[in-house]
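The values are calculated or read from the model by the stated rules, or taken from the named source; none is laboratory data. For clarity, every value in this text was computed on a predicted model and none was experimentally measured. FYI the Cβ positions are ideal-geometry reconstructions off the backbone, even for glycines, and counts take in every protein chain you see. Accessible surface areas use protein heavy atoms only, side chains included; no ligands, DNA or RNA. Shrake-Rupley method; radii C 1.70, N 1.55, O 1.52, S 1.80 Å.
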Amino acid sequence: QVQLVESGGGLVQAGGSLRLSCAASRRLFNINAMGWYRQAPGKQRELVATITDGGSTNYADSVKGRFTISRDNARNTVYLQMNSLKPEDTAVYYCHYQLIMGDYWGQGTQVTVSS
């Protein structure tokens, strides 16, 4: 069984930065895409950013220019650099790996941005 473990969440003031990391518990192959999603209280889970095995990225409009997704294929790790954070970025952030054999989700890490 594969586990994805996120780290890097926390409390930050508006305008600050955080860097999230997500690592798999064992070596994985054929990862098509990695991504980050978030879910705020009372809202549905939404896509934040994705990155393909070829390095193509996609961002939600609300985070473009502020967040950067990257991946380290050798370490099966995906990162999310979050700058210029806003209170509306407050949510639980989940990493997601899309493999040929199926999808995997992390347990989530809380990001809280104070005004």
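Side notes on the structure shown:
Matching residues to (1) exposed (fewer than 15 other Cβ atoms within 10 Å of the Cβ); (2) touching a residue at least 40 places away in the same chain (Cβ under 8 Å); (3) among the small types (Gly, Ala, Ser):
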position	(1), (2), (3)
74	yes, no, yes
77	no, yes, no
100	yes, yes, no
107	yes, yes, no
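- Elements of type strands (runs of 3 or more DSSP E) contained in the stretch 29-113, each with 1 or more residues being over 18 Å from residue 19 (Cα atoms): 31-39, 46-52, 91-99, 102-105
- Within the stretch 90-103, the set of residues being touching a Leu at 6+ places or on another chain (Cβ under 9 Å) and modelled with pLDDT of 95 or more comprises 93, 94, 95, 96, 97.
- When residues of the stretch 30-44 are limited to those that are out of contact with any Lys or Arg (no Cβ under 6 Å at 6 or more places or on another chain) and in contact (Cβ under 8 Å) with a residue 60 or more places away in the chain, the one most open to solvent (accessible area, probe 1.4 Å): 30
- Screening residue 53 against (1) touching a strand residue (DSSP E or B) at 6+ places or on another chain (Cβ under 7 Å); (2) at pLDDT 95 or above leaves a single unmet condition, (2).
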